[in-house]
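A.B. asks: There's a structure below that I have some questions on.
The values are calculated or read from the model by the stated rules, or taken from the named source; none is laboratory data. Predicted model, so just to flag it, every value in this text is computed and none were measured. Note that we place each Cβ from the backbone using ideal geometry, even for glycine, and neighbour counts take in every protein chain shown.
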Amino acid sequence: MMRLFSPRPLIGIPCVMLALCCLTGCIASQLKGKTDRPIESDLQIYTQSSIGSHLMDVFGLFPFSSPPEFESTTPEITAAFQARILQLRPFREVKILPYAVKSSSEALWYGRNEGCDLVMMPEVLYRMDGTGNLPTTLVVRVRIFDARTGKLLWDIKQKALSEPGHDIDLTWNTIAGAPAQRARELADELAYKFAEYLIEPLLKAKQEEAPSPPPAIHGQ
């Protein structure tokens, strides 16, 4: 008797393929949610002063200003810089000033009335957050004035960039590359680099003043 072919064993093949596609899809979604993409940052110095002359000053920090299209996202950038400056604390006292200033004369007026020796006017020049699928870019400018004289002491421009990773092309599916870092991570990177830049001369001077270890005595 001729035996008829049964299609039952073939039913499992599409199921296995579907399961593999779902699995790779899950992997892709997991990669989208987490990222370790590097952040490239740059710091340009236009004006700088000696931090050693201002260690005992009261430092006033205003919120970031920005063009209208970036206003909704500036609070997280302000928070990042506030946290890093308070953490490393390059000045005797740091005051958070909640006023949205639009000019240096306005910043100096508020700073003097708040008892600040120095005031920092930060500004967002450009921001592009590609939600992880496209490059993320953040450009800021930070100016620090002497509130007593109105002199510009520091003028710094910083830029940070993070790009997504390359996709992995599989036979049945494509695993998306690691997404770019978001703007809040870029803000924290720039904030840390800025605060580190301020205190770097102090750390270097401290290392130079540290006594050298006594020379080793041989033959004993």
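A.B. asks: As an exercise: evaluate Met56 against (1) in contact with a helix residue (DSSP H, G or I) (Cβ under 9 Å, 6 or more places away or on another chain); (2) part of a loop (DSSP other than H, G, I, E, B); (3) of a type in the set (A, V, I, L, M) and give the number of the one condition it does not meet.
C.D. replies: Of (1) in contact with a helix residue (DSSP H, G or I) (Cβ under 9 Å, 6 or more places away or on another chain); (2) part of a loop (DSSP other than H, G, I, E, B); (3) of a type in the set (A, V, I, L, M), only one is false for Met56: (1).
A.B. asks: Moving on. Could you check the range 35-53 and list, in sequence order, the residues that are more than 16 Å from Met120 (Cα to Cα), among the small types (Gly, Ala, Ser) and not in a strand (DSSP E or B)?
C.D. replies: If the condition is that a residue be more than 16 Å from Met120 (Cα to Cα), among the small types (Gly, Ala, Ser) and not in a strand (DSSP E or B), then Gly52, Ser53 are the ones that fit.
A.B. asks: Which of the residues spanning the range 120-137 are of a type in the set (Asp, Glu) and part of a strand (DSSP E or B)?
C.D. replies: Glu123 - this is the single residue of the range 120-137 that is of a type in the set (Asp, Glu) and part of a strand (DSSP E or B).
A.B. asks: May I pose another question? Identify the single condition in (1) under 14 Å from Ile144 (Cα atoms); (2) loosely packed, with under 14 Cβ neighbours inside 10 Å that Phe81 does not satisfy, given that it satisfies every other one.
C.D. replies: (2)
A.B. asks: May I pose another question? If I ask for residues that are assigned to a strand (DSSP E or B), modelled with pLDDT of 95 or more and not hydrophobic (A, V, I, L, M, F, W, C), which ones from the range 138-163 would you list?
C.D. replies: Residues satisfying the conditions are Arg141, Arg143, Asp146, Asp155, Lys157, Gln158, Lys159.
A.B. asks: Quick one: in the range 68-116, of everything that is in contact (Cβ under 8 Å) with a residue 40 or more places away in the chain and outside any helix (DSSP H, G or I), which residue is nearest to Asp57 (Cα to Cα)?
C.D. replies: Cys116
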